[in-house]
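Student: Below is one structure. I have some questions about it.
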Amino acid sequence: MRRIDDNRLLIERSGDMHVDALIYTDESMAQQIESGAIDQLRDAARLPGVYRAVGTPDMHFGFGVPIGVVVALEDYVVPAAVGYDINCGMRVITTPLDAAEVDVDQLAGSIARDIPLGEGKNNVSLSRDKLEVILNEGVAGIAKVAGGGHRVWEARDSEEEKRDMECIEENGSMDGDSSKLSNHAVSRGLKQLGTLGGGNHFVEMQVVEEVHNAEAAEAFGLREKQLVIMLHSGSRGLGHQVCGDYAKLAKKINGDRSPGRELCFLRASDKAGRDYIGAMNAAANFAFANRQLMTLFVRMNVRHHYGGDLPMPIIYDVPHNMAKREGFEGRDLWVHRKGATRAFPPSKMAGTRFEKTGQPVLIPGSMGTPSYVLIGKEASAESLYSVNHGAGRCMSRTAARGKVTRKGKVLRPGKISDQEFRDSMAGIKLICANRHMIKEEAPQAYKDIDHVIRIVVGAGLAEVVAKMRPLAVLKG
């Protein structure tokens, strides 16, 4: 490895690597990257048709490739380079309220009663026919399935929904093909719309603490002292099943040619590759619709407590586990972003409401630490117009919490004590599905988000618009 500058580390091409691999990291942050994650990035640079392999500042060990990676391939798709939670993503909803005028505890509890937290939870049920509409059309299909059976539909406003779609990547609708999902995958999604999920997913009430770019902040509807709500969730059990099904198929077809046991690929132009793309896009549509329904629940509760006509537009909705066909330097590439967020500059957002500012980039911290809104810069072409999706783990879940049964019996203490966890969450309302497991998401288990953002800005990839501080956290 060779350091290029303060914020870039190059893994030079060697052996059967087809390209160099670049990591955005400074000297101290590089010490937190596991050797296994470095090896996985090298493996990504060995994939057939690879054009570029990039690690973001939050890079850490994952399934097949690291979490926090961008891999661009010509005519190949890799389920492991998208990940199990297809279209896991971020959304920020604005309010006209000052955070100081809101009863945070009351509002957080109210939202938690409508959005089930944790794994295996159900909420809005659809028939198979209606679910297939969502899988094929995403948010655009909601108008066709809404009505009856759940009070969430009472909160839906068609004009507001149209405005929302303008602020969702791909307008919330990918070219999905529900026929390419297994019956088991479809069955797992029938009752899970409007649910958060477990792990690092959250609903977070935040106050805008600092505005760094006044012009962009005004365009996004952000101001200091404002209350905003950030959502982080994905495609739930349905997306997990899609990845599992096609990772198994890729291993069967190309396992003996793959750089790693989990890093199996499919040729995008072959039937199996086309099927995966259709299924992946369908799972992405499910995730877009899932975040849209949770947005309805959030709006319903805020308006119930603070006024039924409050404007609550979203800033943006951006995935960070996707593969998409994108033109780059005269080539059509399958750009895989796993734990990485698209960060298009103004030149790539022509014809949208973001053509002057560039795309909003949403980067959360860990539970209890700040989150950021940024905008992409032209220099991010080097990273395939991508940045990190969060802070990135520096400690495994088991190391953080120890070995604990779901009923709370401690079999082995974790590295983070109960008191350290309480101190890290001081002044923040916490609602979680399982208090015995929550320490795995403690701030101490993650890298310093402010440090991560400094690397992103220092490398010229993005510019900070605003910084938000958490007031209440709803976790699975």
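Student: Give me the pairs, please: first residue somewhere in the stretch 180-196 and at positive phi and buried (at least 17 other Cβ atoms within 10 Å of the Cβ), second residue anywhere and modelled with pLDDT under 95 and assigned to a loop (DSSP other than H, G, I, E, B), beta-carbon distance under 9 Å, and either six or more positions apart or on two chains.
Tutor: If the second residue must be modelled with pLDDT under 95 and assigned to a loop (DSSP other than H, G, I, E, B), the pairs left are Gly194/His150.
Student: Say whether the condition of being farther than 16 Å from Met29 by Cβ and modelled with pLDDT of 95 or more is met by at least one residue in the stretch 449-460. Steps first, please.
Tutor: Within the stretch 449-460, the first condition is being farther than 16 Å from Met29 by Cβ, and the residues that meet it are 460.
Then keep just the ones that are modelled with pLDDT of 95 or more; that gives 460.
Yes, the conditions are met somewhere in the stretch 449-460.
Student: Let me ask something additional. Could you list all residues from the stretch 9-46 that are in contact with a Phe, Trp or Tyr (Cβ under 6 Å, 6 or more places away or on another chain), under 30 Å from Asp75 (Cβ atoms) and surrounded by 15 or more Cβ atoms within 10 Å (Cβ to Cβ)? Full working, then the answer.
Tutor: Residues of the stretch 9-46 in contact with a Phe, Trp or Tyr (Cβ under 6 Å, 6 or more places away or on another chain): 34, 36-37.
Applying the additional criterion that residues be under 30 Å from Asp75 (Cβ atoms) yields 36-37.
Within the stretch 9-46, just Ala37 meets the criteria.
Student: From the list Gly260, Gly339, Gly273, exactly one residue is in contact with a Gly (Cβ under 7 Å, 6 or more places away or on another chain) and at pLDDT 95 or above. Which is it?
Tutor: Gly339
Student: Could you tell me whether the stretch 127-141 includes any residue that is assigned to a helix (DSSP H, G or I) and of a type in the set (Ser, Thr, Tyr)?
Tutor: no
Student: Given the stretch 223-328, what strands (runs of 3 or more DSSP E) lie entirely inside it while holding 3 or more residues that are charged (D, E, K, R)?
Tutor: 321-328
Student: Hey, can you tell me all the residues within the stretch 41-51 that are assigned to a helix (DSSP H, G or I), more than 19 Å from Asp256 (Cβ to Cβ) and either under 23 Å from the mean Cα position of the chain (by Cα) or of a type in the set (A, V, I, L, M) (or both)? Quick ask: steps written out before the conclusion?
Tutor: Let us first name the residues in the stretch 41-51 that are assigned to a helix (DSSP H, G or I), namely 41-44.
Pick out the ones that are also more than 19 Å from Asp256 (Cβ to Cβ) and you get 41-42.
Leu41, the sole residue that qualifies.
Student: Within the stretch 329-351, work out how many residues are surrounded by fewer than 18 Cβ atoms within 10 Å (Cβ to Cβ) and not in a loop (DSSP other than H, G, I, E, B).
Tutor: The total comes to 4.
Student: Here is a follow-up. Within the stretch 460-472, which residues are touching a Phe, Trp or Tyr at 6+ places or on another chain (Cβ under 8 Å), of a type in the set (A, V, I, L, M) and surrounded by fewer than 23 Cβ atoms within 10 Å (Cβ to Cβ)?
Tutor: Val464
The values are calculated or read from the model by the stated rules, or taken from the named source; none is laboratory data. Just so it is clear, the model here is predicted, and its values are computed rather than measured. Neighbour counts run over all protein chains shown; Cβ positions are idealised from the backbone, glycine included.
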